[in-house]
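The structure under discussion appears below in the form of structure tokens.
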Amino acid sequence: MKKLIYSLTLIFMLGISANTVSAAGVKDKNKVEMTAEQQAQFNRITNRVEQIRDMDKSDLSRADKKELRKELKELKNQARAMNGGVYLSVGAIIIIILLLILIL
């Protein structure tokens, strides 16, 4: 039974590492610099985020705070779309850690 668990874990880990390596290789080859327009948009997003962070939010109403949170989420999504990175979910990280604990 242990051999089966170890072999399945090994196959799973090799499958994950192969996908990660191939994704990293593709990203390096197809890395595209941002255009001037995209860079300007990114600068606008960062400036707006800094403005919101520096605001005094203690006198805002609940609806205004909710609106600011929505705006920040939208700005975050726009910035992510421009940069195009590889992200790991919390669940995937937990599974990887548990598998490492079981193997070692």
Subject >> Solvent-accessible area, 1.4 Å probe, carbon plus sulfur percent, for region 34-104 >> reply: 58
**OP:** With r as the distance between the Cβ atoms of Ile93 and Val49 and R0 = 30 Å, compute the FRET efficiency 1/(1 + (r/R0)^6) and round to 0.05.
**Re:** 0.70
Subject >> Label-point separation in nm, Ser7 to Gln39, each point 7 Å along Cα→Cβ >> reply: 5.5
Original post:
Which order do Leu104, Leu98 take when ranked by solvent-accessible area (1.4 Å probe, heavy atoms of all protein chains), largest first?
Top reply: Leu104, Leu98
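The values are calculated or read from the model by the stated rules, or taken from the named source; none is laboratory data. None of the values given here were measured: they were computed from a predicted structure. In this analysis, Cβ positions are derived from the backbone assuming ideal geometry, glycine residues included, and neighbour counts consider all displayed protein chains. Heads up: the accessible areas ignore ligands, DNA and RNA and are worked out on the full protein's heavy atoms, side chains in. Shrake-Rupley method; radii C 1.70, N 1.55, O 1.52, S 1.80 Å.
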